[in-house]
Every structure is written in structure tokens, then in C-alpha cells.
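Remarks on the structure that follows.
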Amino acid sequence: MNPFVNDLNNIKAEETLKEKTKAFVRTELTKAQYAKTTVRTEHKKENPFMKKIIGAISAVAACTLLVICGFAFYNTPLNYVSVDINPSVELGINAFDRVVTMQAFNEDGEQLLAGLNVMQMSLQDAVSNLVEQADEQGYLNDDGSSVIAITAESNNEQTAAQIQTACENTITLTLNKGETTAVVYTDAVTLHFAQQAKESGVSPGKFRLIQVLQSLDPTITVDQYRNAKISDIIAAAGAMLDQPGNNGNGNGQGNADNADALQRIRNAIKAQNAEQTQTQSMTLGDSGNGETYTEQNQNQNANQYKNSETQAKEQEKEQKKAENGNSTTASPATPGNNGNGNSNGNGNAGGNGNAGTASCSADCSSDCSASCSASCTSSCSSSCSSSCASDGTGTSSANGNSNGGKG
Amino acid sequence: MSQLSGTNDYITAAIEKYSDMVRRICFLYLKNNADVEDVFQEVFLKFFQNFDTFENEDHQKAWLCRVAFNKCKDLHKSFWRKNVVGLENQEIPYELPEQSELTKAVLELPPDQRELIYLHYYEGRPIPEIAEIMQKNQNTVYSLLRRAKTLLKTKVSEHS
């Protein structure tokens, strides 16, 4: 083995090889040390990609959320409108004045809604259709004695007022197209009040009127008038107003007069509320009694009126009532009655009845002619103005009957 | 591991001490300068990466032997598989001037036997140590040695 050993002994590592190796080792070890103390940035590749994916998903999710929210918002009722004649229905209106909910409060209401679908229609179209449908189904009396109560349910006074006016105009137009007439009574309540009404199972509009009745007679219960027609309720109120102490306001009048009275009463209420307790009429749920109470006070003391014009109207009303004597839900046949005679009954109007000397106001003639509508004709307007001019003394009972409460 | 520069640091010292040994081992298996360089870099880098684990010089040396032989044998295998024909063209770049017949014969032995011959006859290690380095059973090593001797005798007699 010696040769082998000898040969191997002759083998030496080349200098260049050694130097290369030394340099190599030093470099590698330095890199290793550096790598230990340096933050790893290996994950860069992943991040942009992940970010894009997350971004895309977020965008899709956000859009979906917006769509869902928008859809929900569109279909959420902001205010409500209660339409009562005999059938009681309530329409929910969204922010764009489109009907998004419909609800009936009695069988007649369900019948009415069953016949047509007003969803997505504008409020005006819906109300118009409802009225036409009600007419077709026979809920509007031929003598125009039916009362269509429109009650705006809203926490915003302006909105409520807009709804009232708009509906009133729409209905008037709708009725004008056809052969029928009816009386339009509008009012407004808060959503809170509406909620209470629904809890009692009665439409807010009717509930409001019953409340008014109760202000005239606290013994009245909701159940008594739960199924009554609006016109009946109004008649009942009128009857109560007629009683002594209530200013002896006669009711029975022709449609035209009733309509007139209604109009005036409505205006009167608005004016009153504007002057006195505006909030009362709007926040009925709470202070309904207060309002009535105030009205009663008004009845007893005309001086409480802050608006002379209002006073004038009130006095005029009283005068007319006095002229006509009493009548309640009288049958059309009764002279001087229209079966409605209730127009005055909107006790809310503050059945004021002090037959004091009334100075007719200009409104008289204008209201009169307007409310008369087709059936009234000239006699109406003439009687109105004449009675007004006569200055308080109910001149001619002839006035009251111009329409011939012949029914 | 703070001193990475300077000519007299531990890196220089170790490489100077063990280069010849690693070169000899490479001689037994490799024909290519590139391969030799490759072995040197890998073996010594590993060595210094594990530098703190060595207990003494003997430990270092034994470790270097084992790693160097394994690396050389790996390269040798891949060399043979890739270049079956034309092997004769691969001249020994570092050829001994007068290579004895015996050395030539050893170079013809199977890889493990070469390692064994080196460890036993050049380094003079006892069989147990060799078994440790080669990671083989002592009996296996004895058999291997017997076989190697027989082969060598045959080859030498053939060559001469």
C-alpha cells in the first residue's frame, strides 16, 4: 500500500481552490446573518392579488347591500292615508308618494280592495280608483249624502296638509266625471294616533271621527260606531250639536248646504287650529279632548275666537242652523232635511252655534258656489249670498232648502 | 460568527487545515475541476454552518470525511449515469505524474471500497471508526475490506 499512500501524499489542494472556497464561505455566511435580521418580504406576491379579490368581493357586496336597502326603502311606507266611506281602507305611501301597502279595516273595505289593486300607483291615482270603485260597488248614495273621509296619517304637518288637499281635489275631480256626488271631509292624525286606532281595530279616519263624537258625548264608545258609515257618525255629531246648550244648530239641509257647511267647517277648523292650538288637530291622539273642549268653549264664548273672520263664519253657520231647525239622520223626505243635515254635525268644526248677529263674510258666497257642484245650480249660489248679505238674521229659511233636501 | 473578514480568522485556519484531505478524497472520485470546486464549497459551507457543534478536532475531521465522501460519491454516481460513453475522454485534470499501478487499481474499485481503502490504509483508522464514518455495520466493513483486497490483488496482477 505504500505506493498508494505515497501517491495520495502528493496531492495538495490548489491555492486558487482554497481562496475561492474561503471567499464563497464568507459570502454565504454573511448572507445568512443578514437574512436573519431582515424582515421577510416574501409575501409580496400574494398581497396585491388578495387585495384585488377582496376589493372585488367588497364591491359586489356593497352593491348588493345598496340594492337591498334601496328596495327596502322604496317599499317602506312613510305616511298613510285612511279612506273611509263605509268601507275603510288605509293606503301606505312611500317617500315618492307611491302606494306600497294596502289594508282594509272591515269587510266592505276588503271587498273594495279585492276589486282592484292600487299598489305602485301614485296616491292620486289610487284614491281616484278607490272612489270610482266604491261608486261602482254602490257605496256612494245617489243623493250625494255619502261622506268620504280622507284622513292623512303623518307626523309631518306639511305632508299631512298636502295629502289632504291633494286627495280632496282628486276626489272632487273624480266625482265630477261621473254622475255621483259625495261630501269630502278631510282630516289629519299622527302616526301614533293611527297606531292606537289600529289597535282598536278601527281605521284611523273613523277612529278620529268617533273621537270627535266622544268629545260631544263622553258616554259614546268606539264599539257603538265601529261599523257605522262615516255619514252616520257625522250625522250623530250633528245631532248632538243641535241639542240645547250646544248652540241649537239645526242640521237638515240640502246637500249643497251640507257641502257648504263642510267646506266652511273644514276651513274654520284649519283657521282655528292655525290660530289657537294648531298642534291639537294634528296630534290628535293625545289632545283630542282638549280640542273639543276648546271648541265647546268657543261655542259658549264667541269672543275666544282670535280670528274675526273665523268668528264670522261661525256665526253664519249658527245662523243657518238656527234657520233650519233640527234634524238628524232624517230621511230625505223630511223637508229641510237631507238626510245629511250632518254637515253641521262636524262638531269638530266647533259646532258653534251661538246665533249671534253674524256678519257674513265674503267666504260665504265663494264657498257656497264651490260646494254646490253640479246638482246645486244657481239657486244655491244665490241663496248663499243672499243669506250672507242679510246680515245674520237668517232671512229666508228658503235658503236652507235650496237644494231641496228632497233627498 | 462575527468575524467574517481578515486573513487569519477561523475560516482561513480551518480551510488551510483540511483542504488537502478533502482534495485527496475528491481525487478518488472526481475527474472534473468544476466538481471538485462544487464539493469544496458545499462541504466547507456546511462545515462552518455546524462549526459550533464540533466538540474537538477529531470530531471535525471525522465529520468532514464523511460529508466529503458522501458528496463525492453522489457526484460520482450522477456522473456515471449521465456520461456512460466517452468516459475515456474525461482526462484526469489533476493527474499524478507517476501514478502507481496500485493507485490506478484503487481508482477502479467500487466507490465504497475506495473509501474503505483510504480510511484504512491512508489514514490508518481502525475498523470501528471506519464503520462510524461510513455509517455501516462493522461486519459489513470487514467483508468489504476482504473483497477490496482480493480485487486489488487481481487488478494489480492484471496490470503488471
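Worth a mention:
- Test: residue in segment A:37-56 that is modelled with pLDDT under 90, out of contact with any helix residue (DSSP H, G or I) (no Cβ under 6 Å at 6 or more places or on another chain) and within 14 Å of chain B (Cβ to nearest Cβ): yes
- Of residues in segment B:96-128 being in contact with a His (Cβ under 9 Å, 6 or more places away or on another chain) and more than 12 Å from chain A (Cβ to nearest Cβ), the one surrounded by the fewest Cβ atoms within 10 Å (Cβ to Cβ): B:Pro126
- Taking segment A:1-95 as the region of interest, the helices (runs of 4 or more DSSP H) fully inside it that hold 1 or more residues being under 60 Å from the mean Cα position of the chain (by Cα) are A:46-74.
- Residues in segment B:44-72 that are surrounded by 21 or more Cβ atoms within 10 Å (Cβ to Cβ), more than 20 Å from A:Gln33 (Cβ to Cβ) and either facing chain A (nearest Cβ under 9 Å) or among the basic types (Lys, Arg) (or both): B:Lys71 only.
- Contact annotation: residue pairs with Cβ atoms under 8 Å, 6 or more positions apart or on different chains, pairing a residue in segment A:203-225 that is modelled with pLDDT under 80 with a partner that is of a type in the set (D, E, K, R) and surrounded by 14 or more Cβ atoms within 10 Å (Cβ to Cβ), are A:Ser215/A:Glu291; A:Ser215/A:Glu295.
- Residue count for segment A:195-210, restricted to those that are assigned to a helix (DSSP H, G or I) and out of contact with any Leu (no Cβ under 7 Å at 6 or more places or on another chain): 11
- Test for A:Ala35: is it closer than 30 Å to A:Met102 by Cβ and surrounded by fewer than 10 Cβ atoms within 10 Å (Cβ to Cβ): no
- Count - residues of segment A:7-16 that are out of contact with any helix residue (DSSP H, G or I) (no Cβ under 6 Å at 6 or more places or on another chain) and at the interface with chain B (Cβ under 7 Å from one of its Cβ atoms): 1
- Among residues of segment B:22-41 that are more than 10 Å from chain A (Cβ to nearest Cβ), those with a beta-carbon under 9 Å from a residue that is outside any helix (DSSP H, G or I) and hydroxyl-bearing (Ser, Thr, Tyr) at least six positions away or on a different chain give the pairs B:Lys31/B:Tyr94.
- The single residue among A:Thr172, A:Thr159, A:Thr180 that is in a helix (DSSP H, G or I), farther than 13 Å from A:Tyr80 by Cβ and β-branched (Val, Ile, Thr) turns out to be A:Thr172.
The values are calculated or read from the model by the stated rules, or taken from the named source; none is laboratory data. For clarity, every value in this text was computed on a predicted model and none was experimentally measured. Cβ sites come from the backbone with ideal geometry, for glycine too, and all protein chains shown count toward neighbours.
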